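This report concerns only the one structure given below.
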Amino acid sequence: MGDTLCEECSVLSFDDEIFKDFVGEDYIIPLRQGPDDEVNKRLNELLKLDYTRSDTFPDLPGLAASAEAGCAFCEVLREETLRYTLPEPSNITYRLRYLWSPPCASDGVGLYMLLAELTAKVDREGSDPYVRLISIAFSIESAQGTGRIRE
Ligand SMILES: [Zn+2]
């Protein structure tokens, strides 16, 4: 995919430097389980992206406009969302976070996946709202200090 990102998606680009306490030339500190672990807390904060976006399924006009204007990630996110069968219309909310390599990862890169968490919601009169949570994973190519997303 191309390199152009809209303002909201610009959070996907980051400087590897922020992870310098966690990744070295030959090592990665694995993300461990344990809520009281200070290292884990700091790492988890870094991995959450400041990104919340809402749109309406199935047209997804917000993503469509942004994709039309040239944002490569909005285009991919829209295409992936349209693979799902959801009530029409649904209110969609997106959140993004990076995932850290599991200890078994072989490629020696700290960040290994971008996770888009999509919540589809429909308010229904007289009953509980319809809610469905979908996770869409994207693999990452890292080059020259910038995270790049690969489908
Ligand atoms: Zn975008």
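The values are calculated or read from the model by the stated rules, or taken from the named source; none is laboratory data. Note that the structure is predicted; figures quoted are calculated from it, not measured. All Cβ positions, even for glycine, are placed from backbone atoms using ideal geometry, and neighbour counts span all protein chains on display.
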Any hit, the stretch 25-44, residues being crowded, with 16+ Cβ neighbours inside 10 Å, at pLDDT 65 or above and assigned to a helix (DSSP H, G or I):
yes
Condition set within 18 Å of LEU12 (Cβ to Cβ) and either within 11 Å of the ligand (Cβ to nearest atom) or touching a residue at least 40 places away in the same chain (Cβ under 8 Å) (or both), scope the stretch 55-64, selection surrounded by the fewest Cβ atoms within 10 Å (Cβ to Cβ): answer is GLY62
